[in-house]
Structures are given as C-alpha cells and as structure tokens.
Amino acid sequence: MQMREAAERILLAQTLEEKLHLPPALEHGVLDDSPGHAITVPDTPGRPEHLMMSGKGVRVSFPSVNKLDDEHERGKLLHFLANHELLAAELMALVLLRFPSAPAEYRRGVYEAMREEQMHTRMYMRRMNECGINFGDLPLNNYFWKLVSPMETPMDFVTRLNLTFEQANLDFSKHYAALFRQVGDKSTAVVLEKIYLDEIGHVGHGVKWFRKWKQRGSTDWQAFKTSLTFPLAPAKAKGIAPFNAEGRRLAGFDDDFINRLDVCEQSRGRTPVVHWFNPNSESHVAAEVSGQRFQPNRMESAMECDLEMLTLAWCRKDDISMLRQHPGNEHLSYLKRRGFELPEFFGRDLCKNRKLGGFRPWAWSPETSKQFAVHASQVSANVPWQWRESLPSLWLSKEIGLQLEHELGRKSESGVFCRDVPHAIDTINILLLSGDVLLKAAHACAGRGHKRIMIGEPIPEAWIVKRIEKHGGIAVEPWLERVHDFSVLYEMKSDSVSLIGMTHIENDAAGRFMGSLVCPKWGSGLPPNVAKFLFSDADITTLYGETIPQYFPTLLPGYVGPVGIDAMVYRLADGRLGLRAVVELNTRMTMGRVALELHKKTEPSRRGRLSILRKKDLSESMLSTIYPHDINNRITFINNPFMAREFIAQWEID
C-alpha cells in the first residue's frame, strides 16, 4: 500500500469508518515511492455531515474534579478530545500530501503518528459511547485546522502541531489520567495514560526535526518563539493543567526551554488589557507645560526600569505587561513559586494585529498617549479602558488636590496654588507668621520637588522662579506636624465611583515615600488615639465613603481609572489632632493601590508592607539568604534585585 493512498483516505473520506480504518504499519510493506504532487489545502477535511466543524463551535469547559464521576460530563470531555485526535490524524495526512518531497525519515514518523491518532480517536469514541454520547452529538470546532492547515513548510507543522498543541497535551493527558483514577474511572484513565505516552513520542519526533530545521545558532526557545505568529504563541504549548516538566524532558526538550515555557503566559480567551508603568508621568506633563522635552536623569530612568514589574500587582493573569527590560527567567520562576500568577510580558513592540481589552497605564501622561495611539483601533469597543489623550495638566498637579480641599471647605489646613513669583512670595510671608512653610512644585511626585522654609530662613526665590518656569506654578502650604499618613483608593467608572480600600503610608521626615502598609482591617494599623479621632471626631467613614466621591465627576469629568487621595493626621499647636483630608489627589495609579492589589493576591488575612528600597542598602549576603531559594520566607522581591540599578520593590507579609 502506498503512503499517499492511506493519507488521501484519512484526509478526504466522507465516512468515519473509512477515516478510522487503520492502514498497515510501516513494517508491513507500506511504500512511499509514489508520493505524487503537492495538493492544495482543502477548506475543510472530508467528513460526514454530522461531524462537520464550525468556526463558531462552542467552547467546551472541562468538568471540575467533583463532576468527573458524572457520565454525561465525562462524555462531553471525551467528545471534545476525540475531535482533537481526529483533527490531528487529518492534519498529519495533510502533511504527507502537502510535502511529498520532505525527507523520507520524517514522512515515516508522521505516518506512524497518524495511525496512532486514528487509534486515539477510536479509544475516545468507545469510552464516549459508554458514557451515552455519540460522536457528533455536540458541536465541533475547527480551531486546530484553522491554525495548522495553512502551513507552508513541514517546519510550520512541527512547531504548530507537535511543539504547540501536542506539547500542551503532555500536561492535560497526564493530569486528567490521574484525576480519573482518583474518581475510580480506570477505563478512561488507561486511555489517557496510553495517549500520554504516545504524545511524548509525537512531540519527540517534532523536537528532532525542529532542531534539524531551525536557524543555526539559535536556541530552541528563540527558534520556537520566532516561528509562531499570532494567535499562536509559546504559551499555547501549555495545557490548562499543572505544568509537566518531566514529560517534556522525556520528549527531548532541554531545561532552558522547559523553564522558559513554565513562566510564559498568554491570554486564553479573555481579550488582554495592556499595562504600562510610567512613574515619571508628572515630569512628562511638566515638560509639556514648559514646552520642553523630558529627559529622565539617572535616578528617574532607573525608577522606570527597576520598578516596572510593579504592574504585576494590578495585572490579571490574562493581561499583558509591557516592559522595557525582561526581568529574567529565574526571577519569573521565583515569583511563580511565591504564588503569583504571571501575565504575558511584552516589549514595547506590541503586536499590531491583536485585539486588546484596553489600556491601564500608571497614568495617562503625554508619552503614554502617544505610545498607545498606534494601538487605539485594536481595543474592543465595549470595554471601559479605551485609548485617550493625555490627562489635562491640572489633573496631574498639586492644584487639583487644593481645588478639592477648597470645595470641601477645608481651607484652614490647606494651601494656595501660585502661578507667579510675587503671589508665591506674598503667600509665603503670610504663612510664615504662623509657622514653617512647605513648597511643592506643581508636578512633583513622591516627595521630590518639595522644599521646607523654616521661620527665620530667607525665602528661596531662585528655587521658586525655577519651579514656576518648569511646572507652571507651586503649592504653598503650612508645614504641619505629621502624625500619621494614609491613602484612600478609588476606581472611577463612567457612571460611578467605588471606594476600594485604604492603606497606611510610611514617609520619611521630609515627606518622601518609603512604603505602604496594608492591614486586613485598616483601623488596626492606627494608634488608638488616632483611630478614635478619625472614626469619631473626623467621621472619615462618611467623608471618604460618601462626601468626597460626589465631587469626582465634576472635578474629573470623563475620567475612567484609578484615583488616590493621600491624607494626613497632624498635631495642632495645642496638642489636639487635625485632619488634612486631601494632601494630594492623584489621578493615576499609586503605590498605595499597588500595595492594596498585592495584598489581595497574596495573604489578605495578614498585614502586608510594600517598601521601595535602595539597592545600595542591601548587601549581597542579605540578598543570598532570601532570594531566590527560600520560598517560605515572608519577603518577596517584586523586581529582580540583581538586575536592578537603584531601586528594589519588596513585599513583606507580617
């Protein structure tokens, strides 16, 4: 029998009996001396009417463990798997007919695998029938066919079917075989165990030829990544099941490939939201206000690169985090062992033909709007996080917080926004009559761009002139004796404002950010006297839960995204406590929000602390004791401390 004859029957036959009729094994006289001409890819393989595939086939959800003992649920799962095995046999037949001049040894391996796929289909059908479901009772999708059949070379087939879909089955078949044994269904378990062993051989055959055909000098991982085009990606080579490193080693993959694949992710159905860390957003706005181009200094540049992994906090697993620098496979493995679900990581060269679920940058500043503009048309129309122009400069300045304070009628502890030098000096002189004064550049951030003037000191006119020229204004505020700092975190939607949590802020004596503390009950992080003052005298429950959110729609019209208020308890001259209700209003992500999201993802029943450390303060011996080996340690480094230039984000569980 000619190999071509068997392939034609499996691909084109209109009856299931013909398609699943086993041709002879290679050792029983199968010939390949008349492979014929390459065929044109048919729109669909030949099938009886009740087994025709649809591009709109239903998505089958695998039954949960507690449903595996339900016959009907098992039948649904087996029906889904039988279609995959039949498709694999048809696609292998297509390879033999599309590439008659492929190496004889390769074709022989494909032929044997094709016969095994026929047998797999028959085994699934037998168990499916025993569960009361016939092949064709449920809709069948054409996903495999649509993505694999357009192959231009045998290498395309190897990477798409063997190294992607069949590799993913190494996870699925092993895991579900064990689950079926647990519920006492040994018959289905035996089928899956047999298929798992065969799948190792199929993937191993693919690995062998992949290495023969890949570009010389490239690693397996590099070659695999570059060989796939969207919607295929390396993450598709993992099943929705525990990652099976052992099976991949048996198939011939090296540890580098296995480790990289383990931490590689891509959305599996939900359109991904793109996240981007741009902590210098206020500086970009200041540059635009002054008509200049922002050039980050060494520390600003280090902050962008070192802390961009903080997007891990507010990303979901199916999202995309855009990074300037990959954190390294070892660090991603470390984070995964710590219990973090990883998003898909992308460089700034975001795919231009991929549907997106929106954009969630740190802030909508000028450079972010420009960067995402080329991808605006890729965002689904029905999602809230559409591309937008940069926020008005007012919304990323100290002035917006002062406006909110004045709306609340809280001018006594508030400040004045000054756009010219004479106004600033007059305001400073008035405030100095009562105590020290704090100056803040309009677009300063995290305590940078602040200056304290103590009674008796000269007014720093040169500093004021420079900041007004660069930022368009400064806030002049009374210096308050700080007792406790906290943040109140909101999410604005098009039709509502939600208070999502509160955190405690840890600042140094100059007001520069050091960290955020998150408690299961926010009030438990307060000294008793401060808690009594805030909840009783200041009635912060009403203030932040009801009063302040009412001002957001008119203060920030059309805005959708995170909002944070930094607030402060301070001590009055007579020793009583006072509340500076709005120290700052931040129309962007904040470190408090990052800490809150990290807390939700780790151990929300315990206290968590986000600290931004300086790398120079950590010794190599200190790092070696907690990174990356001791996975039970209470400290997690969010970014790779060995790759960091200046800053390390540390998450600590008390």
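The values are calculated or read from the model by the stated rules, or taken from the named source; none is laboratory data. As the structure is a computational prediction, the values presented were derived from the model and not from experiment. Cβ atoms come from the backbone with ideal geometry, glycine included; neighbour counts cover every protein chain shown.
All but one of (1) of a type outside the set (Asp, Glu); (2) buried (at least 18 other Cβ atoms within 10 Å of the Cβ); (3) out of contact with any strand residue (DSSP E or B) (no Cβ under 8 Å at 6 or more places or on another chain) hold for residue 295; state the number of the condition that does not hold.
(2)
Take residue 474 and decide whether it is modelled with pLDDT of 95 or more, surrounded by 13 or more Cβ atoms within 10 Å (Cβ to Cβ) and either touching a Cys at 6+ places or on another chain (Cβ under 7 Å) or assigned by TED's automatic domain parsing to the domain that holds residue 435 (or both). I'd like the intermediate steps shown before the answer.
Details: modelled with pLDDT of 95 or more: yes; surrounded by 13 or more Cβ atoms within 10 Å (Cβ to Cβ): yes; either touching a Cys at 6+ places or on another chain (Cβ under 7 Å) or assigned by TED's automatic domain parsing to the domain that holds residue 435 (or both): yes.
Spelling it out, residue 474 is indeed modelled with pLDDT of 95 or more, surrounded by 13 or more Cβ atoms within 10 Å (Cβ to Cβ) and either touching a Cys at 6+ places or on another chain (Cβ under 7 Å) or assigned by TED's automatic domain parsing to the domain that holds residue 435 (or both).
Does residue 142 satisfy being in contact (Cβ under 8 Å) with a residue 40 or more places away in the chain, closer than 22 Å to residue 230 by Cβ and in contact with a strand residue (DSSP E or B) (Cβ under 9 Å, 6 or more places away or on another chain)?
Taking the combined requirement at face value, the residue satisfies it.
Which residue out of 223, 286, 245, 177 is free of Cβ contacts under 8 Å to residues at least 40 places away in the same chain, surrounded by 17 or more Cβ atoms within 10 Å (Cβ to Cβ) and more than 22 Å from residue 153 (Cβ to Cβ)?
177
Grab the strands (runs of 3 or more DSSP E) fully contained in region 570-654, keeping just those with 3 or more residues being within 30 Å of residue 537 (Cα to Cα), among the basic types (Lys, Arg) and touching an Asp or Glu at 6+ places or on another chain (Cβ under 9 Å).
The strands (runs of 3 or more DSSP E) meeting that bar number zero.
For residues in region 447-471 being buried (at least 20 other Cβ atoms within 10 Å of the Cβ) and within 37 Å of the chain's Cα centre (by Cα), which is farthest from residue 592 (Cα to Cα)?
Among those that are buried (at least 20 other Cβ atoms within 10 Å of the Cβ) and within 37 Å of the chain's Cα centre (by Cα), it is 471.
Give the residue, chosen from 602, 625, 587, 636, that is under 30 Å from residue 405 (Cα atoms) and either in contact with a helix residue (DSSP H, G or I) (Cβ under 8 Å, 6 or more places away or on another chain) or of a type in the set (Val, Ile, Thr) (or both).
Sole residue among the options that is under 30 Å from residue 405 (Cα atoms) and either in contact with a helix residue (DSSP H, G or I) (Cβ under 8 Å, 6 or more places away or on another chain) or of a type in the set (Val, Ile, Thr) (or both): 587.
Kindly establish whether residue 316 is under 22 Å from residue 649 (Cβ atoms), assigned to a loop (DSSP other than H, G, I, E, B) and in contact (Cβ under 8 Å) with a residue 40 or more places away in the chain. Can you show your working first?
Working: under 22 Å from residue 649 (Cβ atoms): yes; assigned to a loop (DSSP other than H, G, I, E, B): yes; in contact (Cβ under 8 Å) with a residue 40 or more places away in the chain: yes.
It is true that residue 316 is under 22 Å from residue 649 (Cβ atoms), assigned to a loop (DSSP other than H, G, I, E, B) and in contact (Cβ under 8 Å) with a residue 40 or more places away in the chain.
Among the listed residues 588, 593, identify the single one that is basic (Lys, Arg), in contact with a Gly (Cβ under 7 Å, 6 or more places away or on another chain), crowded, with 19+ Cβ neighbours inside 10 Å and under 25 Å from residue 637 (Cβ atoms).
593
Just checking: which of the helices (runs of 4 or more DSSP H) contained wholly in region 68-173 hold 3 or more residues that are under 15 Å from residue 202 (Cα atoms), in contact with a Pro (Cβ under 9 Å, 6 or more places away or on another chain) and of a type in the set (A, V, I, L, M)?
Those helices (runs of 4 or more DSSP H) span 71-98.
Within region 328-370, can you find the residues that are crowded, with 17+ Cβ neighbours inside 10 Å, in contact (Cβ under 8 Å) with a residue 60 or more places away in the chain and either in a helix (DSSP H, G or I) or at positive phi (or both)?
Of everything in region 328-370, those that are crowded, with 17+ Cβ neighbours inside 10 Å, in contact (Cβ under 8 Å) with a residue 60 or more places away in the chain and either in a helix (DSSP H, G or I) or at positive phi (or both) turn out to be 331, 332, 334, 335, 358, 366, 367, 368.
Which of the residues that make up region 4-28 are assigned to a helix (DSSP H, G or I), aliphatic (A, V, I, L, M) and more than 44 Å from the chain's Cα centre (by Cα)?
6, 26
Can you tell me which residue among 149, 101 is among the hydroxyl-bearing types (Ser, Thr, Tyr), buried (at least 20 other Cβ atoms within 10 Å of the Cβ) and under 26 Å from residue 36 (Cβ atoms)? Reasoning before the result, please.
Details: 101 fails: buried (at least 20 other Cβ atoms within 10 Å of the Cβ).
Of the residues listed, the single one that is among the hydroxyl-bearing types (Ser, Thr, Tyr), buried (at least 20 other Cβ atoms within 10 Å of the Cβ) and under 26 Å from residue 36 (Cβ atoms) is 149.
Check region 194-203 and report whether any residue there is free of Cβ contacts under 8 Å to residues at least 40 places away in the same chain and either of a type in the set (Lys, Arg) or not in a helix (DSSP H, G or I) (or both).
no
Considering (1) in the same structural domain as residue 118 (by TED's automatic domain parsing); (2) of a type in the set (Lys, Arg); (3) within 30 Å of the chain's Cα centre (by Cα), say which one residue 186 fails and leave the rest.
So the condition that residue 186 fails would be (3).
Within region 374-413, count every residue that is free of Cβ contacts under 8 Å to residues at least 12 places away in the same chain and within 30 Å of residue 578 (Cβ to Cβ).
Residues flagged as free of Cβ contacts under 8 Å to residues at least 12 places away in the same chain and within 30 Å of residue 578 (Cβ to Cβ) within region 374-413 amount to 5.
Tell me which of these residue 610 doesn't satisfy, since it passes every other one: (1) at pLDDT below 95; (2) in contact with a helix residue (DSSP H, G or I) (Cβ under 6 Å, 6 or more places away or on another chain).
Evaluating residue 610 over (1) at pLDDT below 95; (2) in contact with a helix residue (DSSP H, G or I) (Cβ under 6 Å, 6 or more places away or on another chain) leaves (1) as the failure.
Quick check on this structure: which one of 620, 603 is surrounded by fewer than 22 Cβ atoms within 10 Å (Cβ to Cβ), within 24 Å of residue 524 (Cβ to Cβ) and not assigned by TED's automatic domain parsing to the domain that holds residue 445?
The match here is 603.
Report those strands (runs of 3 or more DSSP E) wholly inside region 449-538 carrying at least 3 residues which are in contact with a helix residue (DSSP H, G or I) (Cβ under 7 Å, 6 or more places away or on another chain). Outline the logic, then answer.
Numbers: elements: 450-453, 474-478, 481-492, 497-507, 513-518.
The strands (runs of 3 or more DSSP E) meeting that bar are 474-478, 481-492, 497-507, 513-518.
Is it the case that region 414-426 has a residue that's surrounded by 15 or more Cβ atoms within 10 Å (Cβ to Cβ), at pLDDT 95 or above and closer than 30 Å to residue 275 by Cβ?
The answer is no, given that none of the residues of region 414-426 is surrounded by 15 or more Cβ atoms within 10 Å (Cβ to Cβ), at pLDDT 95 or above and closer than 30 Å to residue 275 by Cβ.
Condition test on residue 530, is it at pLDDT 95 or above and in contact with a Gly (Cβ under 7 Å, 6 or more places away or on another chain)?
No: the conditions fail for residue 530.
In region 412-447, what residues are more than 30 Å from residue 589 (Cβ to Cβ), assigned to a loop (DSSP other than H, G, I, E, B) and of a type in the set (D, E, K, R)?
Answer for region 412-447, where residues must be more than 30 Å from residue 589 (Cβ to Cβ), assigned to a loop (DSSP other than H, G, I, E, B) and of a type in the set (D, E, K, R): 420, 436.
Residue check: is residue 524 within 25 Å of the chain's Cα centre (by Cα) and surrounded by fewer than 16 Cβ atoms within 10 Å (Cβ to Cβ)?
When the stated conditions are applied, residue 524 does not pass them.
Among the candidates 187, 218, single out the residue that is among the small types (Gly, Ala, Ser) and either at pLDDT 95 or above or assigned to a helix (DSSP H, G or I) (or both).
187
Can you confirm whether region 293-302 contains a residue that is charged (D, E, K, R) and assigned by TED's automatic domain parsing to the domain that holds residue 164? I'd like the intermediate steps shown before the answer.
Going through region 293-302, the residues charged (D, E, K, R) turn out to be 293, 298, 300.
Still in the running and assigned by TED's automatic domain parsing to the domain that holds residue 164: none.
Scanning region 293-302, I find no residue that is charged (D, E, K, R) and assigned by TED's automatic domain parsing to the domain that holds residue 164, so the answer is no.
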